[in-house]
Structures are given as C-alpha cells and as structure tokens.
Amino acid sequence: MNPFEEPPIRDALRGLTPYGAPQLDVPVRLNTNENPYPLPAAVADAVEKTLHGLMRDVNRYPDRDAVALREDLAAYLGHGLTSANVWAANGSNEIIQQLLQVFGGPGRTAMGFPPSYSMHPLLATATATGWMESHRNANFELIAEHAKAQVRVYDPDVVFLCSPNNPTGTALDLGVVEAVAAECSGVVIVDEAYFEFARPGTESAVSLLPRFPRLVVTRTMSKAFAFAGVRVGYLAAHPNVVDAVQLVRLPYHLSALTQAAARVALAHASTLLTQVEAIKEQRDRIVARLRELGFSASDSDANFVLFGRFDDQATVWQKLLDRGVLVRDVGVPGWLRVSAGTPEETDAFLNAMADLA
Ligand SMILES: *Cc1c(COP(=O)(O)O)cnc(C)c1O
C-alpha cells in the first residue's frame with residue numbers, strides 16, 4: 001500500500017469517528033439542546049454596537065487573561081467568587097480539554113459514569129488520558145456510596161460528574177459530589193452546562209468549592225444564554241486550578257470579539273434568563289404529556305428530556321424524522337432525547353408522539 005494514502009495518526013485515534021450530531025435541514029430540530037430562541041433584539045443590538053466599536057482595535061491581540069470577562073462571570077456566579085476563581089475559553093468543551101491536558105494525559109486516567117456527556121471520553125482520548133467507566137443504576141441514578149467506592153478502588157486522576165446529567169436530564173444530589181470529592185485524590189469536574197434550567201431548590205456544586213480545592217465546576221453560555229454560536233464556556237475553581245490551566249492554554253485563545261460579546265450578554269443576564277423560564281415550561285410539558293401518552297420520561301433539570309422505552313429507538317427516531325421532527329439517539333438502548341423547543345416546536349414533537357402512542 002502507498003504509505004502516503006493514510007496519514008500516520010496516533011494509534012489511539014485510529015478508527016474513531018469525529019463527534020457529530022447530524023445537522024439535518026428539518027423543520028423542527030430538537031437534537032442538540034440549543035436554546036430555541038434567538039437573542040432578544042435589545043441584546044443582539046447591544047452586542048452589535050460593542051463589536052462595531054471594537055473592530056478598530058482588532059490589529060492588537062486581545063487580553064490574554066480575559067480579566068474583565070472573568071470578573072463578570074464571577075459576579076454572575078456569585079458565592080463570593082472573584083476573577084481568580086474563574087477561567088473562560090471557547091466553549092466548555094475547550095475548558096474540559098484544557099483540564100484534561102493539565103490533570104490527565106499519558107499514564108493518567110479519567111473516570112465517568114455513563115450514560116453521560118459523550119465528549120468526556122472523546123476529550124480523554126484526544127488528550128491521551130485513559131478512560132474508565134463506572135455505571136449508574138437501572139433508573140440512571142448515581143448513588144453516593146457506589147460512586148465513592150469506585151473512586152476508592154480505581155483512584156482516577158480525573159472524575160467527571162455531570163449535573164444536570166446529559167442525556168438523562170436529572171441533577172445530582174450534592175451529597176454525591178461531596179462524597180466523590182472527599183474520596184478522590186485527583187480532580188473532580190462537575191459539568192453544569194444546564195444548571196440554569198434546574199428545578200427550584202437544586203444547588204450548584206459551586207457552593208462546595210471553598211471546601212474542596214481540587215473540585216472544578218464547568219459552565220457554558222451555549223444553552224441558557226442562547227450563545228452557542230459565539231463559543232463561551234468557563235470554569236469555577238480554586239485559584240491554583242486556574243493558574244495550572246495557564247500552562248496549556250494557547251496564547252490569546254479567546255478573541256477580543258468573543259470576550260466583548262460575552263460581557264454584553266452577561267450584562268443582560270436577567271433578560272436572557274426569562275427565556276430559560278419559557279423553555280422550562282415546555283420541558284415540564286413534554287415530561288407530563290409523554291407520561292400521559294404512556295411513555296417513560298426521566299425527571300429533567302435541563303432543557304431536554306430522555307424518553308422511552310422503545311424496543312428499537314432507531315425506528316422511533318426515523319418515524320419522528322419522517323414527521324419533520326429531529327431528536328437525538330444518544331446510544332442508550334430503548335431511549336431517545338428531545339430538546340425543549342418553542343411552544344410550536346414542542347407541539348410538533350408531542351403531536352408526532354401522540355401519533356406513535
Ligand atoms: C452542550 C454541553 C456542553 C457545552 O459545550 P460548549 O462547548 O460550551 O458549547 C458541555 N457539557 C455538556 C454536558 C453539554 O451537554
């Protein structure tokens with residue numbers, strides 16, 4: 001064989017397929033948990049105005065440390081955090097990649113509890129971090145004693161928790177995070193991409209940071225802030241963790257435009273979070289209606305719902321697509337995931353499901 005036919009990629013990457021939710025052109029797209037609403041006009045205008053002014057300065061590199069944005073993010077999170085506790089990047093996926101570059105890597109291992117976010121193992125592989133999987137119970141719950149015992153036995157360098165968990169939708173009891181953080185000799189990452197959608201009374205792992213200096217909470221502006229196209233994710237942790245991440249971040253990784261746009265969006269947080277309330281209403285409607293129709297639906301603290309059970313979820317996925325509704329087959333046998341859309345999109349999904357009931 002011609003040796004130039006195939007590029008000489010690392011053994012660990014051979015045969016893998018890139019991350020890819022289908023981006024199909026379908027009337028109702030409920031497959032990637034995006035915010036279904038565009039930015040409100042007042043926010044979009046404010047972002048535009050800021051970017052317009054900024055264009056005169058793009059011959060210069062941006063603030064490498066993104067200090068002003070980190071101050072704003074710290075203020076948004078509250079809990080007495082400052083910019084020293086916060087780090088930002090191009091989406092929380094980049095944040096997680098940076099964390100694995102620092103705390104994982106060759107000879108180290110990360111542990112996750114599937115079904116959970118598929119990018120955690122992919123990013124582990126990409127950073128040459130060994131990947132170990134533990135499991136949840138039949139109701140997709142993670143029990144503190146079980147998680148703690150797994151961490152004790154396998155002693156991973158990085159543990160991934162996801163709350164609210166994607167794709168199951170349910171938030172973790174903070175007791176689970178506490179138990180794992182107390183047991184783990186490495187770094188515990190709590191992926192809170194959907195925290196803003198959690199049901200009342202759900203507590204953020206941010207509240208545990210003062211007690212656990214190796215705990216990291218990751219968040220994103222992609223979902224609640226309707227900012228998926230801009231790419232802004234961030235972490236909150238002890239300042240030593242933030243300092244450590246500086247070792248691997250690219251210089252000037254976060255563009256001046258991204259930093260400025262994010263700051264404007266944060267200044268309008270209360271406007272944007274009213275959209276979150278509307279999405280939560282549709283989410284709760286999906287859960288209630290699916291149960292009425294005789295399906296199962298997990299309790300959801302996110303902007304999506306895991307529903308089933310089907311003998312063959314791939315057939316149901318196709319039948320929904322035939323009715324113009326794109327949902328996600330996350331590879332959990334018997335289950336599919338649907339994002340909460342606008343009331344009209346949610347109607348379309350629920351009508352299609354009534355057809356199938
Ligand atoms: C959507 C999602 C993210 C967000 O990724 P970004 O890179 O910030 O867009 C992170 N974690 C989970 C679990 C998600 O579902």
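The values are calculated or read from the model by the stated rules, or taken from the named source; none is laboratory data. What you see is a predicted model; the values in this text were computed from it and never measured. Positions of Cβ are generated from backbone atoms using ideal geometry, with glycine treated the same way; all protein chains shown enter the neighbour counts.
Some points to look at:
- Any chance Ala84 is more than 15 Å from Val187 (Cβ to Cβ) and either crowded, with 17+ Cβ neighbours inside 10 Å or not aromatic (Phe, Trp, Tyr) (or both): yes
- Pairs linking a residue in segment 223-250 that is under 21 Å from Ile279 (Cβ atoms) to a residue that is assigned to a helix (DSSP H, G or I) and near the ligand (Cβ under 10 Å from one of its atoms), with Cβ atoms under 6 Å and 6 or more positions apart or on different chains, are Gly233/Ser92; Gly233/Ile95.
- Search result, residues across segment 114-129 that are within 15 Å of the ligand (Cβ to nearest atom), crowded, with 21+ Cβ neighbours inside 10 Å and over 15 Å from the mean Cα position of the chain (by Cα): Ala124
- Scanning segment 314-327 for residues that are under 23 Å from the mean Cα position of the chain (by Cα) and surrounded by fewer than 22 Cβ atoms within 10 Å (Cβ to Cβ) returns a single hit, Trp317.
- Condition met for Ala265 (buried (at least 17 other Cβ atoms within 10 Å of the Cβ), within 20 Å of Pro38 (Cβ to Cβ) and not polar (S, T, N, Q)): yes
- Taking first residues from segment 265-292 that are within 18 Å of Ala224 (Cα to Cα) and partners that are among the hydroxyl-bearing types (Ser, Thr, Tyr) and outside any helix (DSSP H, G or I), the Cβ contacts under 6 Å between residues at least 6 apart in sequence or on separate chains come to Gln275/Tyr37; Arg283/Ser300.
- Pairs, first free of Cβ contacts under 8 Å to residues at least 60 places away in the same chain in segment 90-103, second within 12 Å of the ligand (Cβ to nearest atom), C-beta under 7 Å, six or more apart: Gln97/Leu123; Leu100/Leu123
- So Leu77, is it within 15 Å of the ligand (Cβ to nearest atom), in the same structural domain as Asn137 (by TED's automatic domain parsing) and surrounded by 16 or more Cβ atoms within 10 Å (Cβ to Cβ): no
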